[in-house]
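Q: Pasting in a structure now, in structure tokens, and then I'll have a few things to ask.
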Amino acid sequence: MKNLLDRTISSMDVAEMVEKEHKDVLRDIRNIIRHLGESKIAQSYFISSSYINSQNKELPCFSLTKKGCELYGTRMTGEKGTLFAVEYIERFNEMEEREKSLVLPTDPMDILALTFEAQKQANKKLEAVKIDVDLLKNEIDLSRNQKAQLSKAVRFNCMKAVGGKKARAYTLYYRVAISEHWKEIKDYFEVAAYEEIPKLQFNDAMELAGMWHPSAELALKIKKANTQTELFDEVV
């Protein structure tokens with residue numbers, strides 16, 4: 001029965017082909033089945049089935065075999081009958097071609113050739129995906145030059161904030177300032193690492209860096225550290 005169902009057309013598709021209401025197609029099929037009399041014969045033409053409609057209701061339908069389509073087509077004459085015949089013949093031919101393409105070879109050499117070809121195609125797809133990922137990565141992430149520029153801006157800002165390398169605050173708070181600066185940038189762009197900042201937002205990142213100032217708490221600590229140095233120098 002499964003093989004038979006693999007090569008069938010639903011009564012809903014038939015209704016669309018012949019431009020009729022599905023209920024009318026069902027009525028026609030049931031009349032034909034009644035004329036056939038023997039249920040076993042009828043099953044080789046029309047297979048009782050069901051489908052779920054858009055309202056999530058299970059409704060009856062039929063799966064028509066090629067013979068079923070031929071028999072149903074005898075009820076129509078003229079252009080409509082011809083068009084139906086052409087359409088269902090094309091559909092069944094497509095099914096047959098699809099089945100042929102799925103038939104596996106039995107000869108060992110043919111199997112080996114098929115395996116080799118499948119592997120070759122898989123490698124091509126994998127390489128294509130890798131290229132796409134690399135291209136996407138280049139488009140998404142900051143470039144090496146952009147990372148260097150942003151990192152330089154952060155270091156410059158922090159060095160300026162602590163008063164330079166000779167300032168007492170440099171030893172105590174330069175790394176704290178660096179950490180605070182990067183945290184502000186990462187929080188703004190909602191990333192775990194600054195390298196993940198979108199490439200298209202590089203200018204925003206540089207502008208944000210240019211506006212950075214140490215937090216009030218850190219600024220006070222830096223001021224106190226450097227003031228103590230100045231007082232010490234005066235005493236000396």
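The values are calculated or read from the model by the stated rules, or taken from the named source; none is laboratory data. Keep in mind it's a predicted model, so treat the numbers as computed, not measured. So basically every Cβ, Gly included, is an ideal-geometry build from the backbone, and we count neighbours across all protein chains shown.
Q: I'm told Arg168 meets every condition in (1) within 19 Å of His213 (Cα to Cα); (2) basic (Lys, Arg); (3) surrounded by fewer than 18 Cβ atoms within 10 Å (Cβ to Cβ); (4) modelled with pLDDT under 95 except one. Can you identify the failing condition by its number?
A: With (1) within 19 Å of His213 (Cα to Cα); (2) basic (Lys, Arg); (3) surrounded by fewer than 18 Cβ atoms within 10 Å (Cβ to Cβ); (4) modelled with pLDDT under 95 applied to Arg168, the lone miss is (3).
Q: Could I ask something else about it? Anything in segment 36-46 that is crowded, with 18+ Cβ neighbours inside 10 Å and either under 43 Å from the mean Cα position of the chain (by Cα) or modelled with pLDDT of 90 or more (or both)? List them, or say none.
A: Of segment 36-46, the ones crowded, with 18+ Cβ neighbours inside 10 Å are 42, 45-46.
Listed by number, the residues that qualify are Tyr45, Phe46.
Q: If you take the residues in segment 125-145 that are of a type in the set (S, T, N, Q) and modelled with pLDDT of 65 or more, which one is farthest from Glu195 (Cα to Cα)?
A: To start, the set of residues in segment 125-145 that are of a type in the set (S, T, N, Q) comprises 138, 143, 145.
Okay, now just the ones that are also modelled with pLDDT of 65 or more, so 143, 145.
Working: Ser143: 9, Asn145: 11 Å.
Per the stated criteria, the residue is Asn145.
Q: So which of Ala85, Ala153, Ala148, Ala113 ends up being modelled with pLDDT under 80 and surrounded by 10 or more Cβ atoms within 10 Å (Cβ to Cβ)? Full working, then the answer.
A: On the way: Ala85 fails: modelled with pLDDT under 80; Ala153 fails: modelled with pLDDT under 80; Ala148 fails: modelled with pLDDT under 80.
Every option except Ala113 fails the conditions.
Q: Right, something else. List, please: which pairs have Cβ atoms under 8 Å, are six or more places apart or on different chains, and start with a residue in segment 141-164 that is closer than 28 Å to Glu217 by Cα and touching a residue at least 60 places away in the same chain (Cβ under 8 Å) and end with one that is surrounded by 18 or more Cβ atoms within 10 Å (Cβ to Cβ) and among the hydroxyl-bearing types (Ser, Thr, Tyr)?
A: Between residues of segment 141-164 that are closer than 28 Å to Glu217 by Cα and touching a residue at least 60 places away in the same chain (Cβ under 8 Å) and residues that are surrounded by 18 or more Cβ atoms within 10 Å (Cβ to Cβ) and among the hydroxyl-bearing types (Ser, Thr, Tyr), the close pairs are Val162/Tyr170; Val162/Tyr173; Val162/Tyr174; Gly163/Tyr170.
So that you can scan it fast, the table gives a plain yes or no per residue for (1) surrounded by fewer than 19 Cβ atoms within 10 Å (Cβ to Cβ); (2) over 44 Å from the mean Cα position of the chain (by Cα); (3) at negative phi:
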{"residue": "Asn31", "(1), (2), (3)": "yes, yes, yes"}
{"residue": "Arg34", "(1), (2), (3)": "yes, yes, yes"}
{"residue": "Tyr51", "(1), (2), (3)": "yes, no, yes"}
{"residue": "Cys61", "(1), (2), (3)": "no, no, yes"}
{"residue": "Leu64", "(1), (2), (3)": "no, no, yes"}
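Q: Hey, another quick one. When you go through (1) over 23 Å from Asp13 (Cβ atoms); (2) at pLDDT 80 or above; (3) of a type in the set (D, E, K, R) one by one for Glu96, which number turns out not to apply?
A: (1)
Q: Then there is this: Which residue out of Ser63, Ser50 is touching an Asp or Glu at 6+ places or on another chain (Cβ under 8 Å), at pLDDT 90 or above and not in a loop (DSSP other than H, G, I, E, B)? Don't jump to the end; show me each part of the working.
A: Numbers: Ser63 fails: touching an Asp or Glu at 6+ places or on another chain (Cβ under 8 Å).
Within the list Ser63, Ser50, the selection yields Ser50.
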